[in-house]
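Where a number appears in this text, it was derived from the coordinates with a stated rule and is not lab data. Remember, predicted model here, so these are calculated numbers, not experimental data. Cβ sites come from the backbone with ideal geometry, for glycine too, and all protein chains shown count toward neighbours.
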Amino acid sequence: MTAQLMEVKGLSKSFGTMKAVKSIDFSIQEGRCVALLGPNGAGKTTTIRMLTGLLAPTAGEVSFRSLAPGEDRRALIGYLPQTPAFHNWMSGMEYVVYAGRLCGLGVSEAKNRAKELLERVGLADAAKRKLGGYSGGMKQRLGLAQALVHQPKLLVMDEPVSALDPLGRREVLRLLKELKSETTVLFSTHVLHDAEELCDDVVIIRSGEVALQGSLASIRSQHRQPVIELKLDEDNTRGMDWARAFVQRTNSGEASYSWLSEAELRGNRLHLTAAHMDQARQALLEELARHSVPFSRLEVGYSSLEDLFMKVVGE
Amino acid sequence: MNGANEVYRGTHRGAEAPRSATRSSGGAVFLTLLGKECLELLRSFKLIWVPIVFAVLGIMQPVLSYYMPIIIEKAGNMPEGTVIEIPAPMGSQVLADTLSQFGVMGILILALACMGIVSGERNSGASALVLVKPVSYASYILSKWLSIMLLSWGSLLLGYGAAWYYTWLLIEYVDVVPFLLSFVLYGLWFSFVLTVTLLFSTALRSAAGAAFTSLGAAILLTVLAGLIPKYMAWSPGALTGLAYQAATSPGWLQMEPASWWAVITALIAIAALLAASVVLLKRAPARD
């Protein structure tokens, strides 16, 4: 399951003078679930639209390993846009059959597939209703059904759950969890929690460039840093004074602690990024005892993907 | 959950067979697209009201011509004793008048009915979902074009046929040859104008813009052909005049070489406009 499915090389897109995507490279391995992460406006949607062939890139190319020469790469892709738009006068069943026929399925095959998929996404009861009356969550699920109708090698989704209410979100996430064991999935999101929950690999992009990419596990282990959060008693000036002095001392380089790499005071919380967890814990406790700092909570843990994301994207 | 996975995997293994068939079934994809367009025309009731409007327009002309003396007499507010002599209209003239009715009202209705055919889907994003599938851009445009052609030729045949029938009933029999010839020439003019509408529907965001640009182009071409017939006889704008001549001349119209050119340029222009629409669509299949 490690064969390469798709490779993106030097993909760029400019709109006039605005460079939306600046030479992006990444590849997708077969069977993986890849999240394209980035803040709003980073170029996620533009990248995805170029992958699906809806937007011609200014430069660069997208290539599929398994594509026979002359074959349309669109045959391998199933695409679900952020807000899928359908023909409101069609029924759910009609639309999925239509999508199947467009992908080259025969009449009876398309009908069977449509029935199976609508059942699967939980729209069997609404199959005969007109799409104009579908809710946002139902449309998203129908979008998933029509994207899967031709058993694509790669399912591409643009912000699949961003526009949904918590219930619809749960439902779609549950479906995605099932699907990722069956096909290769690429989705974009700005919700880190979803990415952490679902994906194997992440590609973080920032203002049109790849800021960081790799498997979630390796990124975690490489960039994971021990962090200590100390909550101080706000009313107690002694504690706050100590914290301010401590932060100032470390930042000015006046006193460098080998166990500490970063210190920051946010309100009444002191955030410490440690170099070595065990040393840090020991040294900090000694420091606290020496100055008899009154604190209300001390939390020791590791930086989350969100911290990493903020660090990568926020620069 | 596992059961569902099994089903999916089971069918997945057999998925190679239909995919290899996919490449050879471009025709089936085109028919699917065309079927969808026709179903849309039907469900949006365009396939019903457009022909009805044409039929009403077509019937109105001979009926009005027939009753004109009575209408003037009853509603004319003429002083007592006025004698009005209105020569009985010629059947062929009534048909030509019907055509000019279609040339104004008919083309307006058709252009309004078709103006959003591409831009509507593009603006909503519905076209994106179709064009990420292995569907050729040409068959997308051609299916839309063919549905417009079915609607316009069908409506024109119904309306013009009704005019011909009522002219026969009320006024006089007009030979089939001038009727059919003028029908084909006018149909070609309609096809040309509506292909321009299709192009602008692909090029412009606004549907109304597409309708009025193409109507403007149609008016410009007819006016030019009327003003300087010597130099514009080859343009598609000359087709309307040619159709009136065909309707009023007995038997086959003696077409001059320049008139043949009007037909040929119209056909070439339609092909070129379609090709341009495909290119425009290819450049930006969907908008955000």
>> Relative contact order for chain B: what percent, with Cα pairs under 8 Å and sequence separation of 6 or more?
In response: 25 percent
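With loop defined by DSSP as not H, G, I, E or B, and exposure as at most 16 other Cβ atoms within 10 Å, which is the longest segment of chain A clear of exposed trypsin sites (Lys or Arg not before Pro)? Could the numbers behind the result be given before it?
On the way: sites that count: A:R65, A:K128, A:R129, A:R224.
Between exposed loop sites, the widest span is A:130-223.
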> What residue among A:A217, A:Q248, A:I228 has its Cα farthest toward the positive end of the dipole of the range A:185-302, where the charges are +1 on Lys, Arg and -1 on Asp, Glu, each on the Cβ?
Replying inline: A:Q248
>> Angle check, please: helix A:92-102 long axis (alpha carbons) against the longest principal axis of chain A (alpha carbons), in degrees 0 to 90, nearest 10.
In response: 80 degrees
> Counting only residues 5 or more places away or on other chains, whose amide H sits under 5 Å from the amide H of A:Q4 once H atoms are built in the peptide plane?
Replying inline: A:E30
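GluC sites (Glu not before Pro), restricted to the range A:154-252: which are DSSP loop and have at most 16 other Cβ atoms within 10 Å? Could you put the intermediate results ahead of the total?
On the way: sites: A:E171, A:E178, A:E182, A:E196, A:E197, A:E209, A:E229, A:E234; in loops: A:E182, A:E234.
Listed in order of number, the matching sites are A:E182, A:E234.
What dipole magnitude, in Debye to the nearest 20, does the protein assembly as shown give about its Cα centre under +1 on Lys/Arg Cβ and -1 on Asp/Glu Cβ?
The calculated dipole for the protein assembly as shown is roughly 720 debye.
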> Over the range A:4-221, what is the relative contact order in whole percent, taking alpha-carbon pairs under 8 Å and six or more residues apart?
Replying inline: 30 percent
> If you build a Gaussian network model of chain A, linking Cα atoms that sit under 10 Å apart, which residue out of A:V191, A:V21, A:V161 swings the most?
Replying inline: A:V191
> If you take the charge dipole of the protein assembly as shown about its Cα centre, with +1 on Lys and Arg Cβ and -1 on Asp and Glu Cβ, which of A:G168, A:L80, B:A217 is farthest toward its positive end?
Replying inline: A:L80
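Using only atoms on other chains, find how many Cβ atoms lie within 10 Å of each Cβ of peptide A:76-85 and report the average. Spell out each step's value before the answer.
Values: counts 2, 3, 2, 5, 2, 6, 2, 2, 5, 10.
Across the residues of A:76-85, the mean count of other-chain Cβ atoms within 10 Å is 4.
State to the nearest 20 debye the size of the charge dipole of chain A about its Cα centre, where the only charges are +1 on K and R beta carbons and -1 on D and E beta carbons. Walk me through the intermediate numbers first.
On the way: 39 positive and 38 negative charges, 221 e Å.
Here chain A has a charge dipole of around 1060 debye.
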> Among the aspartates and glutamates, which have Cα under 14 Å from the Cα of A:K22 when same-chain residues fewer than 8 positions away are ignored?
Replying inline: A:E61, A:E209
>> I'd like the Karplus ³J(HN,Hα) series for the range A:64-70: coefficients 6.51, -1.76, 1.60, θ = phi - 60°, whole numbers in Hz, and an x wherever there's a Gly or Pro.
In response: 9, 5, 8, 7, 5, x, x
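Restricting to the range A:4-221, compute how many DSSP beta bridges are antiparallel as a %, nearest 5.
In the range A:4-221, DSSP labels about 55 percent of beta bridges as antiparallel.
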> For the protein assembly as shown, what does -39500 (n - 2.57) per DSSP helix run (n ≥ 4), summed and divided by total residues, give at 222 nm, in deg cm²/dmol to the nearest 500?
Replying inline: -18000 deg cm²/dmol
> On a 0 to 90 degree scale, rounded to 10, what angle separates helix A:136-148 from the longest Cα axis of chain A?
Replying inline: 60 degrees
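So if I place +1 on the C-beta of Lys and Arg and -1 on the C-beta of Asp and Glu, and nothing else carries charge, what would the dipole magnitude of the range B:28-283 be about its Cα centre? I want it in debye, nearest 20. Mind showing how you got there, number by number?
Numbers: 11 positive and 10 negative charges, 271 e Å.
Roughly 1300 debye, rounded to the nearest 20.
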> How many lysine pairs does chain B hold where the Cα atoms are under 23 Å apart and the two sit 8 or more places apart or on different chains?
Replying inline: 8
>> Please give the Cα centre distance for the range A:237-315 versus the range B:115-177, rounded to the nearest Å.
In response: 73 Å
>> Ignoring chymotrypsin sites (Phe, Trp or Tyr not before Pro) that are buried or in helix or strand per DSSP, and keeping those with at most 16 other beta carbon atoms within 10 Å, what is the longest stretch of chain B between them?
In response: B:46-172
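Considering only DSSP beta bridges whose two residues both sit in the protein assembly as shown, what percent are antiparallel, to the nearest 5?
That works out to approximately 70 percent antiparallel.
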> Once the dipole of the range B:153-288 is set up with Lys and Arg at +1 and Asp and Glu at -1 on Cβ about the Cα centre, which of B:L274, B:A163, B:L253 lies farthest towards its positive end?
Replying inline: B:L274
